[in-house]
Structures are given as structure tokens and as C-alpha cells.
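**Q** Got a structure for you, written out below as C-alpha cells; questions coming shortly.
The values are calculated or read from the model by the stated rules, or taken from the named source; none is laboratory data. Everything quoted here is computed from the prediction, not taken from an experiment. Here the Cβ is made from the backbone with ideal geometry for all residues, glycine too, and neighbour counts use every protein chain on show.
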Amino acid sequence: MNTLKSFIREVPDFPKEGIVFYDVSTLFQQPEGFRQALDAMEKYVRSIEATKIVAIESRGFIFGAALADRMNLPLVPARKPGKLPFETIAEEYALEYGTDKLEMHVDAVEKGERVVIVDDLIATGGTLVAVCALVERLGGVVAGISAVIALTFLPFAEKLSKYDVNYLIAYDTE
């Protein structure tokens, strides 16, 4: 059995020089690797007794939808502004240069629901902090965060310190 890291393509100098992009699309193309990732994520989601999955646009949708189907859990998309058709709440987060927002429907999470937030990669943690805030504003409990990759050389740990964070692969250097 291959290690999960062997299924991830490393693309140097993308999106700009000096950055290595860790491409999970190659994981999707390998059923063995995709299954390994989902098995590990499912084990974590079960351990925290989550009752709902919130998946972050866009690659988080792939993992979140597969987990929701496997576990018979509801799935909520967290999307870029203007993509959801019903009334939404929004949360702004910082980018390297500027800000962006994510939105969820106002009725997506009910008070007290135990939510796991799913994404493909944790970098600075800004996106995840924004989604945690959305869940909490709607009355949900962030039971945990699950991602395939964490860039542990970036400062996400402090931003996410009040949450249970699970990831499958760590990259310690750029």
C-alpha cells in the first residue's frame, strides 16, 4: 500500500516563483489513494461524533461530499460570494494581499449541531477561521476540522488553536 503522500503531485513555482503547490487532483485519479484518504477522514469524523459536514469550496466539496455519502450525514457548502441562491451570512478573511469572503445559507446549521469542517489543505488557516465563525454564528458547534494536507511551516496552528484539527499529510517546508 502506497503512502498518501505518494499520491500528491508537487508543482514547483505555482502559483508564483518560490511556491510549491501540493496538487490533490492526482489523489482523485488514484482510487487506492482517494479511498485511503476518505477512510482516515471518516475515522476522524466518527471519533468526534459530528452530525453535519461543512465543505469548503472547491476541493473541500469533493472530500466533504464523499464523506457525507459514506456516513449518511448532511452536507453544507461554504462558498464564495454570490454562488448560493438563498439568504446567506458571510464572513470576511484575510488573503496575502486583500480580503475575500465565504458564505453559507442562513438555515444551513441548526443550534447545537456538531459540525466537522472539511477542506483539502490547511495553509494560513484564514479560510477555516472564517467558516468556523459562520458555523458558530448560526449556533453550531465546531466539533473538528479535517483536511488532507497541512502546510505546517505556515502559522495556522495559533489561529485554529481552539479547534480540534486533523490532517493526514504534513509538509514542513516550502
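**Q** Would you pick out the residues in region 58-75 that are surrounded by fewer than 17 Cβ atoms within 10 Å (Cβ to Cβ), in contact (Cβ under 8 Å) with a residue 12 or more places away in the chain and closer than 19 Å to Thr124 by Cα?
**A** Of everything in region 58-75, nothing turns out to be surrounded by fewer than 17 Cβ atoms within 10 Å (Cβ to Cβ), in contact (Cβ under 8 Å) with a residue 12 or more places away in the chain and closer than 19 Å to Thr124 by Cα.
**Q** Within region 146-168, count every residue that is under 17 Å from Ala66 (Cβ atoms) and aliphatic (A, V, I, L, M).
**A** Total meeting the criteria: 4.
**Q** Let me ask something else. With a cut-off of at least 2 residues that are surrounded by fewer than 20 Cβ atoms within 10 Å (Cβ to Cβ) and over 14 Å from the mean Cα position of the chain (by Cα), name the strands (runs of 3 or more DSSP E) lying wholly within region 76-174.
**A** 88-95, 98-105, 165-171
**Q** In region 42-60, what count of residues is obtained for those that are farther than 19 Å from Glu113 by Cβ and either part of a helix (DSSP H, G or I) or in contact with a Pro (Cβ under 8 Å, 6 or more places away or on another chain) (or both)?
**A** Count: 3.
**Q** Here are some conditions: (1) at pLDDT below 95; (2) within 26 Å of Lys43 (Cα to Cα). Tyr97 meets all but one. Which one does it not meet?
**A** (2)
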